[in-house]
Each structure stands twice: as structure tokens, then as C-alpha cells.
1. So which residues in region 192-207 are within 14 Å of Leu411 (Cβ to Cβ) and buried (at least 23 other Cβ atoms within 10 Å of the Cβ)?
2. Can you go through Tyr432, Tyr496 and tell me which one is under 17 Å from Pro338 (Cβ atoms) and among the aromatic types (Phe, Trp, Tyr)?
3. Given the criterion over 30 Å from Thr384 (Cβ atoms), assigned to a helix (DSSP H, G or I) and at pLDDT 90 or above, identify the matching residue among Ala455, Ala420, Ala405.
4. How many residues does region 302-321 contain that are open to solvent by 20 Å² or more (accessible area, probe 1.4 Å) and farther than 20 Å from Val498 by Cα?
5. Residue by residue through region 410-435, note down the ones that are open to solvent by less than 20 Å² (accessible area, probe 1.4 Å), touching a Ser or Thr at 6+ places or on another chain (Cβ under 6 Å) and closer than 22 Å to Glu486 by Cα.
6. Could you please let me know if Val193 is farther than 16 Å from Leu275 by Cα, outside any loop (DSSP other than H, G, I, E, B), among the aliphatic types (A, V, I, L, M) and in contact (Cβ under 8 Å) with a residue 24 or more places away in the chain?
7. Looking at the structure I just gave you, is Val342 open to solvent by less than 10 Å² (accessible area, probe 1.4 Å) and not in a loop (DSSP other than H, G, I, E, B)?
8. From the list Ser228, Ser173, exactly one residue is free of Cβ contacts under 8 Å to residues at least 60 places away in the same chain and under 28 Å from the mean Cα position of the chain (by Cα). Which is it?
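The values are calculated or read from the model by the stated rules, or taken from the named source; none is laboratory data. None of these values were measured; they are calculated from a predicted model. Here the Cβ is made from the backbone with ideal geometry for all residues, glycine too, and neighbour counts use every protein chain on show. To get the accessible areas, we keep the full protein, side chains included, count just its heavy atoms, and leave off ligands, DNA and RNA. Shrake-Rupley method; radii C 1.70, N 1.55, O 1.52, S 1.80 Å.
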Amino acid sequence: MSQTVHRLHSYLRSAGACLVSSPRPPPRRLVCIATVSDRNQSNVLLWKGRVSHNKLSVAAKASSSAPQAETERFSETSLEKEVLKALSQIIDPDFGTDIVSCGFVKDLVIEEALGEVSFRLELTTPACPVKDMFEKQANEVVAVLPWVKKVNVTMSAQPAKPIFAGQLPPGLSRISSIVAVSSCKGGVGKSTVAVNLAYTLAGMGARVGIFDADVYGPSLPTMVNPESRVLEMDPEKKTIIPTEYLGVKLVSFGFAGQGRAIMRGPMVSGVINQLLTTTEWGELDYLVIDMPPGTGDIQLTLCQVAPLTAAVIVTTPQKLAFIDVAKGVRMFSKLKVPCVAVVENMCHFDADGKRYYPFGKGSGSQVVQQFGIPHLFDLPIRPTLSASGDSGVPEVVSDPLSEVARTFQDLGVCVVQQCAKIRQQVSTAVTYDKYLKAIRVKVPNSDEEFLLHPATVRRNDRSAQSVDEWTGEQKIQFGDVAEDIEPEEIRPMGNYAVSITWPDGFSQIAPYDQLETIERLVDVPPLSPVEV
């Protein structure tokens, strides 16, 4: 057989549905579970987001009347299947799905005559903690195929686009994940954790920024030492240009040339809003926000302005610290911001072969147990950690092999994995199933999935346009909404609601809590077929 080279560009969409490249047009529509044959007599069946190609019959393959081109195409398709089947053995630990279904396999090239297979694994973040494992496993599973002599694997990253981009200020529109580091109590080492976490993520290959949200007592100017210590303003765009240190973008009121602020709360909220939203952050994988202590106006402003992906809670072993931290966890819970990790700082020190706990034990564990936060990290008392905060060089940079740096590495891996899970859950929480003509809902952190009738959702809008704010009287009547109405677009809004755009131009904000109370349709069937 003559040498054949087959390219399969962008084999999978990010949602898991497949589009198979072919010299001839693919089938245009699938109905229910029935297969639709193309002119090559190669049946395509799409079910549960996966594509299955039924092989040509052995008789057809052996037929001497079949054109040579058809035989070669069958051979190529069979080889592609073998490679993709081998790669589907690799499971992404974050999503619990194989890398083929996740859409990571790109640009598959098979040179049959040489026995050479080339492809690219495109991950969702350059800081992916398992990228080396993926590369090794991909080489191994493809190399064992009997006809393969050489495997070429290229690794790349295409960070997920912000799922709230259309609703955000321009400065925040290109940030994939925003992580808040909070304690709601001063003096527990929150800024130390925020800065070292940010530089850990940068060391993993991510594009990172730090926003110091403490206007009254900014810590960032002390903890890092950038060459330019004053924020600059773009006179034409009226935007703030962040300063930078070791590749991480930095914004703090301490770099505004004003020192510490002496102003009332509403003014501070305005300053924070301006610093955060008018800064040209550019494309970032992670923006780490060093939250100020407390649960007041400033914290609420930050949570409302910035669509926080997740929060990391910092505490110390004392009971007093737990009381304040618990308030912060409840605030994030109220705002539907998942708390993904607890860092217990200054928990112990070692001396004379013994371990001492000068502040007692249990605050971090109590937070984890009481609020169900999945991960706990302990930071010891280390003079070097304190000294690095005063010197302007973070500990993970000055001593990347230290015990403290290893703990932050584990924390960084946790943040990357949890943010990926949360983004996946939010982006698919509420979708419209055109086949069933129903809105499919699976609220984040819930195993339950249910269906809602679009007309029922529209009639249950609680905004001022549908309900009189003074009397509570329903403005929109049952007959005002067509029974066959379909949403034009459904977009996430933070971690708590979706925005649904209807054909009449009305944009409905539907909180998850409200959707869970609406009358439901019958049991959820498997994912319906989609068009290819």
C-alpha cells in the first residue's frame, strides 16, 4: 500500500463531542439513536457525547470491486481508531474522563509506511500538574501497538477562556481563574500564603497576577521587590499598568504612591473597584487576590465585582482564629464561592528532636470538618519564611527545595486541580437540550441532575420586570409566555446563577437555588444526540 498520511485536526471539541475530518462531507444530522450512513457506507453514531464508527464489513473490505482509495481510507480509519483507543486508557484525574473525551488530542498524524504516529496533547492550563505523566503515558500506550515504530508527542496548553468574559470589565475579561486568599482575621499569615501561592503557580508555568486588596495596610510592597515600585497610568486608555516582579503582575494601593489609606469604607470600596477593574491584567491563568481582614463592604464588593473561582482559607491553631475564619467561610458559602483548601499557618516547630505546638492544635482540622473543605495544609514556624517576607523575595523563590516550598507546591497543585473542576462544573451546570426541548440542570457540588420546561423557567422569573416590587403581584401572566419558547443563550454568572436570554430580548437571572425549587420534568434520560 502506498504511503498514506492522515491528519486529524482538533479531534475533539472541548465539550467532548467529536467531529471526524473526512475527504467527504460527514453526516449532517442524527436522529435519536438511529445511525445515518454517508456515501462511504461508514455509519456514525453519536451518543453520550462520544462518536462510534462502525467498521466496514469484512466482505466489503475484501471485495475486489472496491476502489483502492476506499481501501486506503478504511486502513487509515482503523489505525486512527487504534491510536485513539489506546490513548483513551489515560484518565484525567481532575475530570475522571479519558483524555480523548476531554478533547486533549489534537493534530493526529499517522505515517503508515514508516510506522510513525505524531499528535499533540493540548491541556487547559500550562500549570497542569500531571502534564509529564500524560506525556509519558501517551508515549507508552501508543508505542505498544504492533505496527508503531516511533511516537512523537508534543505538549501544549490552551487555557480555558473566561466563561464570564462578556459580563466583566475589560480588565478582568481575559483572566481564566480568580482565587481569593482569605482569613477574615489579621496577623495569621494570609499575605505570606497569597504571595507564595502566586509564585508557586508561576513556577508551574502559569501566567499569574497578585492583587493586594488591603488598602488600609498593604503588604505586597514589603513582600516583593519590583524594579518599578509605582503604578503607571495609560493616559489614552485611562487604565492602570501593573508593575511586575519575576514574571508576576502586581497591583497594590501601596504602589500608588499614597502609602496606607486613611478614608471611610465607601471610598475604600471605590478605590478597590478602580484598582481591580481598570488594571490591564492581560491574559492570566490565575489572579490571586490577597483579601483584607473582615466580612464587610470591601469584601462584599470584591466578591461581587470579581467572579471568584475559588477561595483558600488561612488560619492559625488558636480557637480565636477559628471563630473569625468561620465567619469568612460562611460569607463565601453565601456568595457561592467554593472554599477549596485550608492552610494552617504557624502550627508547629521542631527542636531537640521533638515537635512543639506553641499555639495548640485543631483550628485547621475543625474548619475542614465543620465546613467540609476537602484539603488541609500545615505550615511550620520557620524563621526563613518570616525573613523572606521582609526581604522582598518569596520563600518559594529563594529556597524552592525547602519543606515550606514543597507544601506550597502541594497547595498549588490543589488549586490548579480544584479550579479546573469548578470551571467544568459551572460551564455545564445549566444547558439547553434541543433534542428534549428542556433545560438540563446539574448544580455544582451536587450529584443530582434534573430537567425543567423552558416556559416554566421563564414564568418563574422574580425580577422587577415580572413581579411588582411593592405589592409582589405577578406582572407576567401564564399566557404571556409561549409554551414552545426556547432560550437563545444560557451563560454562567459567577458560581451562583445563570443568565438566560429569551427570544424577546429579555435577560433572566436564574439563581441555582431558585432553579432547584421549580417544578421539574420526568427523570433525566441519557444525553441526547447532537448534530455533527
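1. Taking region 192-207 first, the residues within 14 Å of Leu411 (Cβ to Cβ) are 192-204, 206.
Passing the criteria: Thr192, Val193, Ala194, Val195, Asn196, Leu197, Ala198, Tyr199, Thr200, Leu201, Ala202, Ala206.
2. Values: Tyr432 fails: under 17 Å from Pro338 (Cβ atoms).
After applying the criteria, what remains is Tyr496.
3. Working: Ala420 fails: at pLDDT 90 or above; Ala405 fails: over 30 Å from Thr384 (Cβ atoms).
Within the list Ala455, Ala420, Ala405, the selection yields Ala455.
4. Qualifying residue count, region 302-321: 3.
5. Answer for region 410-435, where residues must be open to solvent by less than 20 Å² (accessible area, probe 1.4 Å), touching a Ser or Thr at 6+ places or on another chain (Cβ under 6 Å) and closer than 22 Å to Glu486 by Cα: just Asp433.
6. Values: farther than 16 Å from Leu275 by Cα: yes; outside any loop (DSSP other than H, G, I, E, B): yes; among the aliphatic types (A, V, I, L, M): yes; in contact (Cβ under 8 Å) with a residue 24 or more places away in the chain: yes.
Considered against the rule, which asks whether it is farther than 16 Å from Leu275 by Cα, outside any loop (DSSP other than H, G, I, E, B), among the aliphatic types (A, V, I, L, M) and in contact (Cβ under 8 Å) with a residue 24 or more places away in the chain, Val193 comes out as yes.
7. Working: open to solvent by less than 10 Å² (accessible area, probe 1.4 Å): yes; not in a loop (DSSP other than H, G, I, E, B): yes.
Yes; evaluated as a whole, the condition is true for this residue.
8. Values: Ser228 fails: under 28 Å from the mean Cα position of the chain (by Cα).
Exactly one residue qualifies, and that residue is Ser173.
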